[in-house]
1. Filter the stretch 8-59 down to residues that are free of Cβ contacts under 8 Å to residues at least 12 places away in the same chain and in contact with a Pro (Cβ under 8 Å, 6 or more places away or on another chain), then give me how many there are.
2. Search the stretch 22-58 for residues being farther than 19 Å from residue 73 by Cα and outside any helix (DSSP H, G or I), and hand back the single one that is farthest from the chain's Cα centre (by Cα).
3. Only one residue in 24, 32, 56 is loosely packed, with under 14 Cβ neighbours inside 10 Å and either of a type in the set (Phe, Trp, Tyr) or at pLDDT 95 or above (or both), so which one is that?
4. Answer with yes or no whether residue 48 is surrounded by 20 or more Cβ atoms within 10 Å (Cβ to Cβ) and not basic (Lys, Arg).
Amino acid sequence: MKADHLIEMANQIGMFFDSLPDREEALTGIAEHIRKFWEPRMRRTLLAALDGNAQEAGFTEIVVAALTKYRDSLAPAATA
């Protein structure tokens with residue numbers, strides 16, 4: 001799974017939720033959507049891209065804020 005495609009998809013989700021008047025609701029909505037609808041390897045790749053240089057990778061500010069705030073709930077459980 002290519003990180004640039006996942007970042008583009010996350011930014012599109014972020015653009016949708018950014019239209020909400022309540023910022024906290026927007027951040028929660030972004031994180032919940034990614035957690036519910038993205039498979040673990042997609043989330044793992046997205047978070048790894050975030051750990052690099054998020055600004056150079058092309059993340060929007062609201063997506064960085066959501067991923068950072070809700071990182072623990074987005075990180076897939078470790079497999080044995």
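The values are calculated or read from the model by the stated rules, or taken from the named source; none is laboratory data. Predicted model only: the values in this text are computed from it and were never measured. Here the Cβ is made from the backbone with ideal geometry for all residues, glycine too, and neighbour counts use every protein chain on show.
1. Here the count works out to 0.
2. Top of the filtered list is 22.
3. Details: 32 fails: loosely packed, with under 14 Cβ neighbours inside 10 Å; 56 fails: either of a type in the set (Phe, Trp, Tyr) or at pLDDT 95 or above (or both).
Exactly one of 24, 32, 56 is loosely packed, with under 14 Cβ neighbours inside 10 Å and either of a type in the set (Phe, Trp, Tyr) or at pLDDT 95 or above (or both), namely 24.
4. Spelling it out, it is not the case that residue 48 is surrounded by 20 or more Cβ atoms within 10 Å (Cβ to Cβ) and not basic (Lys, Arg).
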